[in-house]
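Visitor: First the structure, which I've put down as structure tokens, then a few questions once you've had a look.
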């Protein structure tokens, strides 16, 4: 970097290395948008390492109404769209689970609420 003083003198700094890392620092499940929604909404989530990811939608009674993600994902930010055209108005929950493989111990789990208004 070049530093220029007010009198016009300049000096170069030592070499600086900048690393830009697009890998999230932690798991994160964001609030869906828009919320309330009709009939489409987007859900974003972050994965900090290669993991098996399950993202499901449940109704107010806890019944599984949609599976949005059910696969291994590399570290990164992801976005999925829920099309609720065939679902009735109401409160729903979406749950993100992450683990080394199907059926094994979870390393992350989070649930959020969303509202479908017709």
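Every read-out reported here was derived from the displayed coordinates using simple, explicitly stated rules and does not represent laboratory data. This one's a predicted model, so the numbers in the text were calculated from it and none came from an experiment.
Visitor: Report the percentage of all Cα-Cα pairs in the stretch 21-73 whose separation exceeds 13 Å, rounded to a whole percent.
Guide: 69
Visitor: Further, regarding this structure: Where both partners of a DSSP beta bridge lie in the chain, what percent of those bridges are antiparallel, to the nearest 5?
Guide: 100
Visitor: Please report the relative contact order for the chain, taking Cα pairs under 8 Å with a sequence separation of at least 6, and give it as a percent rounded to a whole number.
Guide: Once divided by the residue count of the chain, the mean separation gives 25 percent.
Visitor: Stick to Cα atoms and the Kirkwood definition of Rh, then tell me Rg/Rh for the stretch 52-118. Don't skip to the end; give the middle numbers.
Guide: Working: Rg = 12.8 Å, Rh = 12.9 Å.
Radius of gyration over Kirkwood radius for the stretch 52-118 works out to 0.99.
Visitor: Oh, and also: From the Cα trace of the chain, what convex hull volume per residue do you get, rounded to a whole Å³? Before the final figure, lay out each step's value.
Guide: Working: hull volume 17.2 nm³, N = 118.
Looking at the chain, the number lands at 145 Å³ per residue.
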